[in-house]
Structures are given as structure tokens and as C-alpha cells.
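The values are calculated or read from the model by the stated rules, or taken from the named source; none is laboratory data. Remember, it's a predicted structure, so these values are computed and weren't measured experimentally. In this analysis, Cβ positions are derived from the backbone assuming ideal geometry, glycine residues included, and neighbour counts consider all displayed protein chains. Ligands, DNA and RNA are stripped out before the accessible areas are found, and what is left, the full protein with its side chains, is counted by its heavy atoms. Shrake-Rupley method; radii C 1.70, N 1.55, O 1.52, S 1.80 Å.
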Amino acid sequence: ENGMALSLPDRDRIVVTVPVTSVGTAAASMLIRSGVRVCLTACYASHQALVASGVGAEYLAPYLGRMTDAGKDGLAECVRMDRIGKGLGSDTRILVASIRDVESLEYLAAQGLDTFTFSPEICRLLFMEKLTDDAAADFEDAARRGSVL
């Protein structure tokens, strides 16, 4: 009922998040059958990708940092989730959340994951590379002098 109301303003753009519990998944199933886009969230184990794929969720959101804090290999869990979904031929996308460093983001992308949510600080760090900054300064200096590198 709440998910239906939340999605009402724009079903094409609004994605309702529901925890990947038995009750949450039952609600997600009803929402999906009614045309609501659903993200199953609070995911901490790769086997939950079976649930998300089975119910037809658009997204499954594992919390990478929290899994790692709990002593799990969060990176491996996220990669397994993605492989499970792809192995089942599912359209469910793994939306990795709680990413705390650029290296984790880079690793997951190299493994084929392509949907993430991360902080503005992580975004800023994506642009930090000394060699690039040095080259850009050289280009700007050359432009000021009217020369070509």
C-alpha cells in the first residue's frame, strides 16, 4: 500500500526500496506485478540475489562497507550476486551501496558490475591523479604561451 502510494507520482521514474526479507519480498512481488519499479535493499549475502532475481526486482542493493565491517568479503559477495543474476538470465541489476574507497569501485567495475551509489567524496577522488593534474597544467601553460606541446 505504501509502495503504491510512493510510486504514484511517476511510476516510470520512482523506484521503491523494500528490504530483502520474506515480508519485504512478498510486498515487492505485489508491487512489481502492479508495475512498480522495486529495489530490494539491506542485502548482505549473495544468496539473496536468488530472491531478487526470482521476484523480478529491478535492483538489489548490497551494502559493501557494512558487509566488510561484519567480517564478510563484501567484494566477493557483490561479484557473486552479479554472477548469480547473470547466470539466471535475470534483468536484476546489482546496485552496490556503502562504497568507501575508489579501489573497491574500480575492482567491482572491472568485474562487470556497473551500478553504484557513492558519496561525493568518492566522486572527488575519482578525479585525483597527479600525472593528469601535471599534464593539464602543462597544457594550460603551453596555451598561455601560445605554443603547442
Close pairs (8 angstrom Cβ cut-off, 6 or more residues apart or separate chains): over 14 Å from Ser98 (Cβ atoms) and free of Cβ contacts under 8 Å to residues at least 60 places away in the same chain in the stretch 72-85, part of a helix (DSSP H, G or I) and open to solvent by 40 Å² or more (accessible area, probe 1.4 Å) anywhere: Ile84/Leu50
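Taking the stretch 99-113, which residues are touching an Asp or Glu at 6+ places or on another chain (Cβ under 9 Å) and either farther than 16 Å from Leu60 by Cβ or open to solvent by 20 Å² or more (accessible area, probe 1.4 Å) (or both)?
So in the stretch 99-113, the residues touching an Asp or Glu at 6+ places or on another chain (Cβ under 9 Å) come out as 108, 111-113.
Within the stretch 99-113, Gln111, Gly112 qualify.
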Qualifying residue in the stretch 70-84 (condition: surrounded by 14 or more Cβ atoms within 10 Å (Cβ to Cβ), out of contact with any helix residue (DSSP H, G or I) (no Cβ under 6 Å at 6 or more places or on another chain) and part of a strand (DSSP E or B)): no
Failed condition for Tyr107, given (1) more than 25 Å from Arg13 (Cβ to Cβ); (2) in contact with a helix residue (DSSP H, G or I) (Cβ under 7 Å, 6 or more places away or on another chain); (3) free of Cβ contacts under 8 Å to residues at least 24 places away in the same chain; (4) aromatic (Phe, Trp, Tyr): (3)
